[in-house]
Every structure is written in C-alpha cells, then in structure tokens.
Amino acid sequence: MAIAGITLLIRSVRLTSKFTSSSDIPVEFIRRNVKLRGRLRRITENGLEIEHIPITLPIISSWRKEPCGVLLVKLAGVELTETGKVWLQNELKPSQLLWFQLLGKENSTLFCYLLVNKGRYFSVSLNEEILRRGLGKTVLVKGLNYDSKIYWKIHRNLLKAELTALKKGEGIWKEESEKKSYLEKFKDSWREIWKNDSYFKKTGSDFNLKKNYDKFRSTYEAWKDHYLILKFKELMSRIYFRRKG
C-alpha cells in the first residue's frame, strides 16, 4: 500500500512538473501526443515562446518553487507567410492562455497543434484557421509517425482547411498561378503513392491506415472535381458573354 502511494506520488510529480525546455518533456508525452496548457509570452521569427502551466496539486505546489523558462513552439504542418505572422501577432493577446498538443520535436523546437478557446465551450485550431484564411501553406508534420491514426487525421484536417482557402481564393490563393502550381505539386508528390496503391503493399500497412489514407485521398479528389467544374462554368460564361457582346 505504501509502495503504491509512493508510485502515485512520483507519477503526480511528473504530471505536475513545469517544463521549461523541450528536453524536459518525456518522450512518451510526444509519442502519445499529450495536450499541455500554457501562456503565450511572445512571438518571434523562430516561433511562439510559451510558458508551460502544469497541473497543480495543493500537496505538491505548496512546497515546490516553479522554475522559469519558456518552450519554443511552431505550428505543426503550417508554413507561415509574412502576412500570417502579422495576423498571428494581432490575433493572440499577450499572456493569452492556450493548449498545445505535442506532435513532434526537432532539436529544441516543438511542433504542435495550437488550440485557443473561443467562448466557454468552443476552441479553434490556429493551425487550421491560418490555412483557412490563406495565410500559410501545408507542410508535413515533422516527427509524427505516419503509421499513427493521428498522422492522417491531422494532415487531412490541414488539407481541408487549405483547400477551403484555395477554393475561395483567400490570401495567397488569390492568384490563379498559385492555384495551378499547388495542384501540380500536390499531384506530383502523391503520384507514386496513389499509383496502384503500391505504397501500402510495400510498407505492409494495416487496414485502418489504408482507410485513413483513402479518406485523405477522397478529400483531394472531391475538391479537385469541384474546382474543375467551377473553372469550366467560368469558361463557358466568358464565351457566352463574349458572343452576346
């Protein structure tokens, strides 16, 4: 009974520890994609500096002095534009509370999904919101295992947000040249994977991964068909008005 109590106390201390650098964070926290709470300190060229706010337990916090330090966090799966950086500066308030879900790590940088509360029961993903406004482009999330379910869920959500901006012509997608360039890059990067689904045969991926991949692929295919229909209608309307004129 005493040993069980000591074990529970050790685990509690770990869960209530304040992380002041990425090296403090246990490997399993990143592997399990744990969500942590923090307070924004400042936004720099390298990313967001966030002060971790640990879970507080009176029996522990009463005698422990919290260390000082911040974590360097980047928006996972997002390549910010300069306009996006300005928007982020205006959107986030100093000392704002937010949640950051650990997805990957590279040196001292953490790649996370950032969630900001909007009202009492509603939260917004900054990663998706930036892409939805056309203030950035999707990139692969560094350090996230492609065999995990969350890999496909995260990338599918990011892609859907980006395609929404592209379809509406938001931000960087106002230029037709950017849209065409995007479609070509997307098609080329996935051509080898989609060809006869050989990727899954080689890697021996399981049924759930294949199912997530199919959802990811269908998202793109559905948008592509819709986009081509819109372009065709636009072309036909131009021909009609030219003849009428």
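The values are calculated or read from the model by the stated rules, or taken from the named source; none is laboratory data. Keep in mind that what you see is a predicted model, and the values were worked out from it rather than measured. As a convention, Cβ positions derive from the backbone with ideal geometry for all residues, glycine included, and neighbour counts pool all protein chains shown. To get the accessible areas, we keep the full protein, side chains included, count just its heavy atoms, and leave off ligands, DNA and RNA. Shrake-Rupley method; radii C 1.70, N 1.55, O 1.52, S 1.80 Å.
Here Lys168 passes the criteria (1) under 25 Å from Gly38 (Cα atoms); (2) surrounded by fewer than 18 Cβ atoms within 10 Å (Cβ to Cβ) except the one numbered (1).
Evaluation of Ile55 against the conditions (1) open to solvent by 60 Å² or more (accessible area, probe 1.4 Å); (2) in a helix (DSSP H, G or I); (3) at pLDDT 70 or above; (4) not basic (Lys, Arg) shows that the sole unmet condition is (2).
For (1) assigned to a helix (DSSP H, G or I); (2) surrounded by fewer than 18 Cβ atoms within 10 Å (Cβ to Cβ), each residue gets a yes or a no:
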{"site": "Val73", "(1), (2)": "no, no"}
{"site": "Glu79", "(1), (2)": "no, yes"}
{"site": "Trp87", "(1), (2)": "yes, no"}
{"site": "Lys93", "(1), (2)": "no, yes"}
{"site": "Val124", "(1), (2)": "no, yes"}
{"site": "Val141", "(1), (2)": "no, no"}
{"site": "Leu158", "(1), (2)": "yes, no"}
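Yes/no per residue for (1) over 15 Å from Val78 (Cβ atoms); (2) free of Cβ contacts under 8 Å to residues at least 12 places away in the same chain:
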{"residue": "Ser95", "(1), (2)": "yes, no"}
{"residue": "Glu106", "(1), (2)": "no, no"}
{"residue": "Thr109", "(1), (2)": "no, no"}
{"residue": "Tyr113", "(1), (2)": "no, no"}
{"residue": "Phe122", "(1), (2)": "yes, yes"}
{"residue": "Glu128", "(1), (2)": "no, no"}
{"residue": "Lys149", "(1), (2)": "yes, no"}
{"residue": "Ile154", "(1), (2)": "no, no"}
